[in-house]
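Have a look at the structure that comes next, please.
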Amino acid sequence: MRHRIAVIGGGPAGLAFARVLHRHDRPVTVLERESGPGVRPAGGTLDLHEGLGQLALDKAGVLAEFRALSRPEGQAMRILDTDGTVLRDWRPGPDDRANPEIDRGQLRDLLLGPVDVRWGEHVTKVVPGTGDGVRVHFADGREETFDLVVGADGAWSRTRPAVSAVTPHYTGVTAVETSLDDVDTRHPDLARLTGDGSVAVYGVNRALVAQRSSGGHVKVYAQFRAPLDRHTERDTADAGAVRSRLLALFDGWAAPVLDLLRHGTEFVHRPLYALPVAHTWTHVPGVTLLGDAAHLMPPLGAGANLALLEGAELAESIAAAGSGDPDETVRAFEERMWTRAARWAGFTTAGLERLVGPDPAEALALFDQVQPPG
């Protein structure tokens, strides 16, 4: 018997799940809300850890392709004081592939490969326990039934309510994102400031981080503690006004650092949300969650790695279980996922407190815990 399996969401978790099932000749339906893979920018860059994201790509059979596309030099990290003094300048060794960077769009295309995605499928609700399976409701009024529905649909998951009443909470930190294009030609001083990887500056309850992607593209993130209603998405429509507010917020910082904001053209408002550190639920037959849908945490390099590995591991477990009822397989997977995710959620939650907090020395100390002083 072949079970009807659907994964909702075509991000890292959903695509890793589908790609590994495909590798084991198991059919899966991928439902993605976006109308196509290139309808909006895929975002910045991700560092994939050897024992997490890279392990998932190995399970999916695409590790060699990842190594050809990734940028080990992107692991470089420079930390400046607010006056521009270099406090740390860590650069990876020539054979260091612990956490190489890859653009989100490149990772998506790598995982898509032969996977058949149903684009433009807007899921509104998932209803378990309907007798003949789990019912998926769509925005256009259609319904479909599956034996297993895997929610990999992100922070504001439409699948999560089927297993948990918990919703994400605001962390107290907001990020405003902007970007620089063709930085090596148009802004060579900022290209040197950013280096091959990232540059970060930490102040009192605020931080400024710039991270290089491929093709001369740099993402810039202004992070600060503020009430949720201080800034809204509407406020970022006037780029000049946003730029002025940010320059005022970071007033007194070194001019080259502020140039990262001065040359930004568009600004995107991103308040940071998270689920409780130890988010679990009573197992519901036929439904489970992966990635941000299961354990949304501060964006400190763990979320995408966990999402990839969870997708790959769950798919491997289902394939290994054969034609039997996958419910016990899913239940056992959830227990393993919760334990691992809670450790990382605790680390990233504490990390955000130190990186955007009242004592900038704590940010430097955190860096020294994971990288040797440079």
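The values are calculated or read from the model by the stated rules, or taken from the named source; none is laboratory data. On a predicted model such as this, the values are computed, not experimentally measured, just so you know. So basically every Cβ, Gly included, is an ideal-geometry build from the backbone, and we count neighbours across all protein chains shown. In case anyone asks, the SASA skips ligands and DNA or RNA and just uses the protein heavy atoms, side chains included. Shrake-Rupley method; radii C 1.70, N 1.55, O 1.52, S 1.80 Å.
Just need a number here: residues in the stretch 171-194 that are part of a loop (DSSP other than H, G, I, E, B) and within 21 Å of G351 (Cβ to Cβ).
0
OK, next. Being in contact with a Phe, Trp or Tyr (Cβ under 6 Å, 6 or more places away or on another chain), aliphatic (A, V, I, L, M) and open to solvent by less than 40 Å² (accessible area, probe 1.4 Å) is true for just one of L110, L57, L46. Which residue is that?
Step by step, each of L110, L57, L46 is checked, and only L57 is in contact with a Phe, Trp or Tyr (Cβ under 6 Å, 6 or more places away or on another chain), aliphatic (A, V, I, L, M) and open to solvent by less than 40 Å² (accessible area, probe 1.4 Å).
For the stretch 282-318, name all the residues that are under 21 Å from E101 (Cβ atoms), touching a helix residue (DSSP H, G or I) at 6+ places or on another chain (Cβ under 6 Å), part of a loop (DSSP other than H, G, I, E, B) and open to solvent by 10 Å² or more (accessible area, probe 1.4 Å).
Within the stretch 282-318, M297, L300 meet the criteria.
Out of A319, A363, A341, A302, report the one residue that is more than 18 Å from T171 (Cα to Cα) and of a type outside the set (D, E, K, R).
So the residue among A319, A363, A341, A302 that is more than 18 Å from T171 (Cα to Cα) and of a type outside the set (D, E, K, R) is A319.
Only one of these is free of Cβ contacts under 8 Å to residues at least 40 places away in the same chain and of a type in the set (G, A, S): S323, S317. Name it.
Step by step, each of S323, S317 is checked, and only S317 is free of Cβ contacts under 8 Å to residues at least 40 places away in the same chain and of a type in the set (G, A, S).
Can you find a residue in the stretch 206-214 that is farther than 30 Å from I8 by Cβ, in contact (Cβ under 8 Å) with a residue 12 or more places away in the chain, part of a helix (DSSP H, G or I) and not basic (K, R)?
No, the stretch 206-214 contains no residue that is farther than 30 Å from I8 by Cβ, in contact (Cβ under 8 Å) with a residue 12 or more places away in the chain, part of a helix (DSSP H, G or I) and not basic (K, R).
Quick grid of which residues meet (1) of a type in the set (S, T, Y); (2) surrounded by fewer than 18 Cβ atoms within 10 Å (Cβ to Cβ):
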| residue | (1), (2) |
| --- | --- |
| G10 | no, no |
| G14 | no, no |
| H22 | no, no |
| D25 | no, yes |
| V28 | no, no |
| E32 | no, no |
| S35 | yes, yes |
| G38 | no, yes |
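Just give me the residues in the stretch 183-194 being surrounded by 18 or more Cβ atoms within 10 Å (Cβ to Cβ) and over 20 Å from G105 (Cβ atoms), in sequence order.
Of everything in the stretch 183-194, those that are surrounded by 18 or more Cβ atoms within 10 Å (Cβ to Cβ) and over 20 Å from G105 (Cβ atoms) turn out to be H187, L190, A191, L193.
Here's another thing I want to ask about it. Considering the stretch 215-238 alone, what residues qualify as being at pLDDT 90 or above, more than 25 Å from D47 (Cα to Cα) and either open to solvent by less than 30 Å² (accessible area, probe 1.4 Å) or of a type in the set (V, I, T) (or both)?
Hit for the stretch 215-238 is A226, nothing else.
Scan the stretch 341-364 residue by residue and report those that are open to solvent by 40 Å² or more (accessible area, probe 1.4 Å) and either in contact with a His (Cβ under 9 Å, 6 or more places away or on another chain) or small (G, A, S) (or both).
Those that are open to solvent by 40 Å² or more (accessible area, probe 1.4 Å) and either in contact with a His (Cβ under 9 Å, 6 or more places away or on another chain) or small (G, A, S) (or both): W344, A350, A361.
Let me confirm something: among T265, T288, which residue is under 26 Å from L148 (Cα atoms) and among the hydroxyl-bearing types (S, T, Y)?
Result of the check over T265, T288: T288.
Every residue in the stretch 74-108 that is without any contact (Cβ under 8 Å) to a residue 40 or more places away in the chain, within 29 Å of V204 (Cβ to Cβ) and not hydrophobic (A, V, I, L, M, F, W, C), please.
Scanning the stretch 74-108 gives a single hit, T85.
On to the next question. Tell me which residues, restricted to the stretch 319-340, are open to solvent by less than 50 Å² (accessible area, probe 1.4 Å) and outside any helix (DSSP H, G or I).
Those that are open to solvent by less than 50 Å² (accessible area, probe 1.4 Å) and outside any helix (DSSP H, G or I): G322, G324, P326.
Taking the stretch 195-214, which residues are farther than 22 Å from N99 by Cβ and surrounded by 21 or more Cβ atoms within 10 Å (Cβ to Cβ)?
Within the stretch 195-214, R206 is the sole residue that qualifies.
Is it the case that some residue within the stretch 17-27 is in a loop (DSSP other than H, G, I, E, B) and within 20 Å of the chain's Cα centre (by Cα)?
Within the stretch 17-27, none of the residues are in a loop (DSSP other than H, G, I, E, B) and within 20 Å of the chain's Cα centre (by Cα).
Any residue in the stretch 145-159 that's at positive phi: show its pairings with residues that are hydrophobic (A, V, I, L, M, F, W, C) at Cβ separation under 9 Å, as long as the two are six or more apart or on different chains.
Listed pairs, sorted by first residue: G154/A13; G154/A293; G154/L296.
Here are some residues: P256, P276. Which one is in a helix (DSSP H, G or I) and either surrounded by 14 or more Cβ atoms within 10 Å (Cβ to Cβ) or touching a residue at least 60 places away in the same chain (Cβ under 8 Å) (or both)?
Sole residue among the options that is in a helix (DSSP H, G or I) and either surrounded by 14 or more Cβ atoms within 10 Å (Cβ to Cβ) or touching a residue at least 60 places away in the same chain (Cβ under 8 Å) (or both): P256.
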